[in-house]
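> The following block contains the structure, expressed as structure tokens.
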Amino acid sequence: MQSLDTSRCWLLASCLCLASMVGTVQAQDCTRPVGGNNTVLSPEDIGKTEFVDGSSVTFKCDIGYEQTGGSRTMTCTKGEWSTPTMTCERKNCGSPGEVLNGQFDLSGGTKFGDTVVATCNLGFKLIGSNRRQCMDGGWSGRVPICEVSKCGRAPNIVNGRPSSNAESHDYGAPVSYSCNSGFTLSGSKTIVCKGDEVFEPAPPKCIKVECPYPDVSNAIVIEGGSAPYEYLSFLTFECKSGFVMTGLPSITCEIESQWKPSPPECKAPSTTTKPTTTTTATTTTTKKPTDKAPGPKPTDKPKAPSNTGAIVGGVIGALALVAVAIGCFLAFKKKGAKRSSPPVDSL
């Protein structure tokens, strides 16, 4: 009887132990939960260290992000958390504002962390910071201001003066210069206030321009003033009778204090003429050539043809014929005399 009671006690203890183990498995706690991208535990749950079976926690989007879908809640069941479904994306700050006489460059985006840069239109300068950044609560800083660019007083020049003595000049304002009497403007007459608050181009100079008297021999001045010859003074020359001009008759005093084009020249015409060239036929002889007599000058009149050579040739020919006839006569006469003489043996 006693052994039966002991067996029952052991069975009861085993059942209680098994039940205790089953209860422990069913009531298992969860570890610290991890949400989706760009999410954090809510302030109510972020300080907890134990997460028992059946408990729930809530999440919120990280700084600079906003919820775009899913559930904020996760539940612990038998030691495991439910799948996080909450999604968060960067906040969009929208327009950074309108810049009067300027604009923002939005190519970098307008969401959390993005930066926009402001620029002013031509002729304006920026006052304030040119950058704004999209923060969790909106855009940082303020919209900058674009003011009209201004140049200071126009530069002074030696022997001249500007048309304006104002302390400042707005963008695009022109200033003209003039020179004192006796001086000539060299460079651009007008300068303009540009966007970088400087005048362009560089101011001109006032210089003294005076050309020397052009001494042209054998010529007279028929048009133009007298010395001093200042900028753009001009002279026109004419050669005296019997002389010919080389170059242009009119010259002008230029900014370099030089006459342009160069003064002309008046020269006497050439008195020599180029001789004409003639071609004559030549014959080949065995006699030594004799020196030729100088030919006629180009200005000499041509002489009538001479027949002296023909006459001399005819006389020589006649004398030659007479000599041949006499020779033949003497030869025949001598031959006849030999035939009429008797042979030597007959004597």
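The values are calculated or read from the model by the stated rules, or taken from the named source; none is laboratory data. Keep in mind it's a predicted model, so treat the numbers as computed, not measured. All Cβ positions, even for glycine, are placed from backbone atoms using ideal geometry, and neighbour counts span all protein chains on display.
> When the range 222-250 is examined, which residues are found to be free of Cβ contacts under 8 Å to residues at least 12 places away in the same chain and either surrounded by 11 or more Cβ atoms within 10 Å (Cβ to Cβ) or within 40 Å of the chain's Cα centre (by Cα) (or both)?
Scanning the range 222-250 gives a single hit, Gly225.
> Also, I was wondering about something else. Could you tell me which of the residues Val216, Val209, Val221 is closer than 30 Å to Gly242 by Cα and either in a loop (DSSP other than H, G, I, E, B) or touching a Gly at 6+ places or on another chain (Cβ under 6 Å) (or both)?
From the options Val216, Val209, Val221, the qualifying one is Val216.
> For the list (1) over 30 Å from Val209 (Cβ atoms); (2) surrounded by 13 or more Cβ atoms within 10 Å (Cβ to Cβ); (3) not acidic (Asp, Glu), I need the number of the one condition that Ser107 fails.
Status for Ser107: all satisfied but (2).
> Would you say Pro33 is out of contact with any helix residue (DSSP H, G or I) (no Cβ under 8 Å at 6 or more places or on another chain), touching a residue at least 40 places away in the same chain (Cβ under 8 Å) and either outside the structural domain of Cys134 (by TED's automatic domain parsing) or on the phi < 0 side of the Ramachandran plot (or both)?
So Pro33 fits the description; yes.
> Now for a separate question. Would the range 84-100 turn up any residue that is under 36 Å from the mean Cα position of the chain (by Cα) and either of a type in the set (Lys, Arg) or more than 21 Å from Leu41 (Cα to Cα) (or both)?
Looking through the range 84-100, at least one residue is under 36 Å from the mean Cα position of the chain (by Cα) and either of a type in the set (Lys, Arg) or more than 21 Å from Leu41 (Cα to Cα) (or both).
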